[in-house]
Amino acid sequence: MADYHIKHITRYTYASTVIDCSNQIMLYPVNDSLQIVKSHELKITDDPAIEVFTDFFENRIGVFSVVEPHNELTIQSDIVVSTTPVIMPKDDMPAAQQWEELIKMCSIFPYMDFMHREKFAADDQIKKLLSGIIAADKSPLVNANNLSEYVYKNFEYKKGVTTIETKVDEILELKAGVCQDFAHLLLVMLHMIGIPARYVSGYICPKNHELRGEGATHAWVEAYIPFYGWLGLDPTNNCIVSDRHVRLAIGRNFSDCTPVKGTYKGSSEHTLEVSVIINNGKAKKADENDIIPSFSYTSKNPGITNNSYQRFLEMQQQQQQQ
């Protein structure tokens with residue numbers, strides 16, 4: 001069992017006073033047999049009341065408003081969580097029997113919700129890729145792992161080239177992206193071969209800074225394995241998700257799992273700073289002023305930007321109205 005303390009800080013500083021700030025947060029970690037939440041505390045500017053509800057996918061969502069004039073909004077989430085290693089599927093049933101089981105599962109609730117095939121121009125291109133990777137005589141688990149490995153080996157982990165609106169066609173053309181792009185592509189491939197798959201947002205907890213995706217929220221995929229259940233695959237790091245991943249939310253895609261989004265009235269000029277600090281075991285005491293943001297940028301006009309990475313951050317963290 002591994003223990004982690006996670007501090008996730010989102011801070012907006014506005015050029016002038018803003019009002020009527022309404023937000024939705026998906027910062028509540030999953031609590032189940034594999035992930036035990038020992039404590040969770042939220043600190044928000046002006047200490048607003050938070051209304052919490054459960055969505056269709058059983059994610060906990062918080063909604064709050066800061067109506068009074070303010071020049072800064074800070075959302076701080078402090079989590080202490082224990083994770084348990086995943087027991088791998090035995091994969092000892094005949095592959096044909098497993099595929100037959102999947103055919104049945106794909107047409108019933110809730111698995112049918114995670115079989116949606118989006119439309120894109122590169123359909124034939126992906127089918128051609130799949131024909132060289134998929135082995136029909138192998139189990140769904142083997143094929144899912146092979147697809148995750150393919151994405152890891154053939155796409156460059158590169159910040160600043162995509163946004164959350166980037167389509168599969170562009171990801172294929174760029175052969176690059178970040179965690180949500182890797183997850184997006186793997187989802188498409190799994191759906192195309194008949195394996196229910198869902199998007200997962202959360203955190204990755206490296207021991208020696210050897211994994212990609214730390215210092216921010218992370219994304220991966222869970223594939224449904226017959227006679228076993230949901231198994232996490234992280235194509236960004238080419239690994240099975242186990243006790244070093246902390247889950248926040250699941251959904252069909254990124255938009256179902258957005259950690260923070262909201263609206264406000266006021267100046268469009270603002271600075272956004274996001275920090276994610278993860279410690280093994282007990283939290284280390286530190287002055288908040290000493291925390292260096294993982295991401296920081298200033299936007300003068302959120303509607304127009306020449307930096308796609310800024311656009312990604314902006315869309316992930318905020319939807320703004322005048």
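What follows is calculated from the coordinates using simple rules that are stated; it is not laboratory data. Since we're looking at a predicted model, the values are computed, not measured. No Cβ is skipped: glycine too gets one built from the backbone with ideal geometry, and neighbour counts run over all protein chains shown.
Between Ile134, Ile225, Ile79, find the one with the highest GNM mean-square fluctuation for the chain; connect C-alpha pairs within less than 10 Å.
Greatest mean-square fluctuation among the candidates belongs to Ile134.
Return a whole-number percent for the relative contact order of segment 95-256, with Cα pairs under 8 Å and 6 or more residues apart as the contact set. Before the final figure, lay out the partial values.
On the way: 262 pairs, mean separation 39.3, N = 162.
Over segment 95-256, the number comes to 24 percent.
Roughly what would the spin-label model give for Phe53 and Val37, points 7 Å off Cα along C-beta, in nm?
1.8
Hey, could you grab the Kirkwood Rh for the chain? Inverse mean 1/r over distinct alpha carbon pairs, Å, one decimal.
On the way: mean 1/r = 0.0483 Å⁻¹.
For the chain, inverting the mean 1/r across all distinct Cα pairs yields 20.7 Å.
Please work out how much length the chain gains when fully extended from Lys265 to Glu149, using 0.36 nm per residue of separation minus the C-alpha to C-alpha distance, in nm with one decimal.
On the way: separation 116, 0.36 × 116 = 41.76 nm, distance 4.51 nm.
The Lys265-Glu149 span can extend by a further 37.2 nm.
Report, in whole Å, the centroid distance computed from the Cα atoms of segment 191-259 and segment 86-141.
Cα centroid of segment 191-259 versus Cα centroid of segment 86-141: 17 Å apart.
I need to check one value: relative contact order of the chain, counting alpha carbon pairs closer than 8 Å and at least 6 residues apart, in percent.
26
List the DSSP H helices in the chain whose Cα atoms stretch 18 Å or more along the helix axis and whose mean Kyte-Doolittle hydropathy is at least 0.0. If you can, show how the numbers build up before the last one.
On the way: long enough: 140-154 (21 Å, -0.57); 179-192 (20 Å, 1.21).
Membrane-span-like by this criterion, though nothing is claimed about a membrane: 179-192.
Treating only the Cβ of Lys, Arg, Asp and Glu as charged (+1, +1, -1, -1), what charge dipole size does segment 95-256 show about its Cα centre? Round to the nearest 20 debye. Write out the running numbers ahead of the final one.
Working: 17 positive and 20 negative charges, 27 e Å.
Approximately 120 debye in magnitude.
So for the pair Val86, Ala135, with labels modelled 7 Å out along Cα→Cβ, what separation do we get in nm?
About 2.1 nm, to one decimal.
What does the helix-only formula give at 222 nm for the chain: each DSSP H stretch with n ≥ 4 adding -39500 (n - 2.57), the total divided by the residues, and the result rounded to the nearest 500 deg cm²/dmol? Please list the in-between numbers first.
On the way: 6 runs with 66 residues, N = 322.
After summing the helix terms and dividing by residue count, I get -6000 deg cm²/dmol.
How about segment 14-107: which chymotrypsin sites (Phe, Trp or Tyr not before Pro) there are in a DSSP loop, with at most 10 other Cβ atoms within 10 Å of their Cβ?
Details: sites: Tyr14, Phe53, Phe56, Phe57, Phe64, Trp99; in loops: Phe56, Phe57.
Filter output for segment 14-107: Phe56.
Rounded, prolate or oblate, given the Cα gyration tensor of segment 164-245, with a/c below 1.5 counting as rounded? If you can, show how the numbers build up before the last one.
Numbers: a/c = 2.22, a/b = 1.06, b/c = 2.09.
Oblate shape, in that a/c is at least 1.5 and b/c is the bigger or equal ratio.
Using a simple charge model, +1 on the beta-carbon of Lys and Arg, -1 on the beta-carbon of Asp and Glu, nothing else, what dipole does the chain show about its Cα centre, in debye to the nearest 20? Can you show the working numbers first?
Numbers: 30 positive and 40 negative charges, 94 e Å.
It works out to roughly 460 debye.
Within the set of other residues whose C-beta is less than 15 Å from the C-beta of Phe64, count the net charge using Lys and Arg as +1 and Asp and Glu as -1.
So the environment of Phe64 carries a net charge of -3.
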